[in-house]
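Some notes on the structure that comes next.
Each value in this text was obtained by applying a stated rule to the coordinates, not by laboratory testing. This structure is a prediction, so every number in the text was calculated from the model and none was measured. Here the Cβ positions follow ideal geometry from the backbone for every residue, glycine too, while neighbour counts run over all protein chains shown.
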Amino acid sequence: MKYDVVVMGSINMDILVFVNDFPNFSENVVAKGMVTQAGGKGANQAVAVAKQGVTHAFLGAIGNDDFGTQMKRILSDKGVDISHLIIKKDVPTGAAVGIVDHTGENTFLGSLAANMAITSVEIKNSFESIEGNIFLLQMETSKESILTALEAAKNKNMYIILDPAPEGCFFEEALGYADLVTPNSHETEKITGIKVESIEDAKKAAKIIADKGVPNVIVKMGSKGSLLFESKKDHYTFVEAKKVKTIDTVGAGDTFAGVLASVLSENPESLHYAMKVATQASALKVSREGGQDAIPTRKELMQFDY
Ligand code: RIB
């Protein structure tokens, strides 16, 4: 089957703790509350894609355990096609512990387990029955799964969107396959050495990434907005983010990626338009508490002018 968007990526059970201020090293802090919710960059992106109503496939791995069973049910309830999920017999489902402070910013510690156990053979097998317009991935799965998938997607002429997150999992070889790369400010600094504090910084960084062989780069600047550099046109476009009260940033980048890929699959000529809708989607996400439940649907996004 040929899908609009194929997503590959991590699946984690997130254990989130809410605090006023981030604890200091070795300090004991009483938290305001705690939730367990479905997460993982890949799963969040797949939910964002499913909520846009485009056809999709999702490649990811869970363990043969309670978290895995719960993740399968939650993803399926949210409309994600789970028919390509890989079930690892001897490795647990990924889990991530996150701390969200009073500003809504988050810090995560991931135990990536099944995500890091995906093999090249499993990805090759999955790609045998998959065709697609856009391939969207991040870097929270094994290096061999990423390289095999990039190779397969390239051979199938898919447009590849690489979200180089989290920065700790980034490796440069992946850039050579991407049609579009979408780093946030941490990832941009990791890739280019430039600390992005202004649009001028983002422009310099985007050009450096493009010079590494990437035709299109979107530097995400959080609450400020995003900068697109289209190297073939030598053209920069800045999209300002709508001002919202930040409640919870968990999954904001994943919302951006999933909506971007979905809208681009329907409007392949306008990366600028897709970026505007994705920027709005991510602003809406951060204004709401919750993970995948807070990712906006297509109907919600179409209430705005672009
Ligand atoms: O991008 C947010 C996600 O990063 C969380 O859901 C967590 O699981 C980590 O993968």
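Loop-resident trypsin sites (Lys or Arg not before Pro) (DSSP state other than H, G, I, E or B) in region 24-68 with no more than 12 further Cβ atoms inside 10 Å of their Cβ: K32.
Sequentially through region 71-86, phi angles give Karplus couplings (6.51, -1.76, 1.60; θ = phi - 60°) of 5, 4, 5, 5, 5, 5, 4, 8, x, 7, 6, 9, 5, 9, 5, 9 Hz, Gly and Pro residues having no value and appearing as x.
Stretching N157 away from K89 to a fully extended chain increases their span by 21.2 nm, per 0.36 nm per residue minus the current alpha-carbon distance. In sequence order, region 253-268 has phi-based couplings of x, 5, 4, 4, 5, x, 6, 4, 4, 5, 5, 5, 5, 8, 10, x Hz under the Karplus curve 6.51 cos²θ - 1.76 cosθ + 1.60, θ = phi - 60°, and Gly or Pro positions carry x. Its relative contact order, with pairs defined as Cα atoms under 8 Å and 6+ residues apart, puts the chain at 18 percent.
Under 8 Å for C-alpha pairs, at least 6 residues apart: give me the relative contact order for region 1-152, rounded to a whole percent. Write down the numbers at each step before the final one.
On the way: 340 pairs, mean separation 48.8, N = 152.
Reported relative contact order: 32 percent.
Determine, for each peptide in 195-205, 216-226, the mean count of other beta carbons within 10 angstrom over its residues, then list the peptides with the highest first.
For the peptides 195-205, 216-226, the packing ranking is 216-226, 195-205.
Taking amide H as placed 1.01 Å from N in the peptide plane, Y3 has its amide H under 5 Å from the amide H of E131, G132, N133, each at least 5 places away in sequence or on another chain.
In terms of other Cβ atoms within 10 Å, M34, M71 run from fewest to most in the order M34, M71. For the chain, taking Cα atoms only, Rg and Dmax work out to 18.0, 53 Å respectively. For region 109-126, the Karplus equation 6.51 cos²θ - 1.76 cosθ + 1.60, evaluated at θ = phi - 60°, returns couplings of 10, x, 10, 7, 5, 4, 4, 8, 9, 5, 9, 4, 5, 4, 6, 4, 4, 4 Hz by residue, with Gly and Pro reported as x. Between M302 and M1, the distance separating the two model label sites (each 7 Å from Cα on the Cα→Cβ line) works out to 2.2 nm. When only Cα pairs under 8 Å and 6 or more residues apart are kept, what is the percent relative contact order across region 154-306? In percent, rounded to a whole number, it is 16. Amide H contacts under 5 Å for I86: G60, A61, I62, restricted to partners 5 or more places along the chain or on a different chain, H placed in the peptide plane at 1.01 Å from N. Inter-label distance, V19 to I247: 2.3 nm, where each label sits 7 Å from its Cα along the C-beta direction. When the alpha carbon gyration tensor of region 1-152 is reduced to an equivalent ellipsoid, its three semi-axes come out at 30, 16, 14 angstrom, largest first. Label positions at T107 and M34, each projected 7 Å from the Cα along the C-beta direction, are separated by 1.8 nm. Close amide H partners of V91, meaning residues 5 or more places away or on another chain with modelled amide H under 5 Å apart, are N64.
Protection proxy ranking, highest mean first, for peptides 16-28, 280-292, 150-162: 280-292, 150-162, 16-28, where packing is the per-residue count of other beta-carbon atoms within 10 Å, averaged. Using a ≥ b ≥ c from the Cα gyration tensor of region 43-118 (square roots of the eigenvalues), is it rounded, prolate or oblate, where a/c under 1.5 gives rounded and otherwise the larger of a/b and b/c decides, a/b for prolate? Since a/c reaches 1.5 but b/c is at least a/b, the shape of region 43-118 is classed as oblate.
Computed extension length for Y273-D293: 4.8 nm, one decimal, from 0.36 nm per residue of separation with the Cα-Cα distance subtracted.
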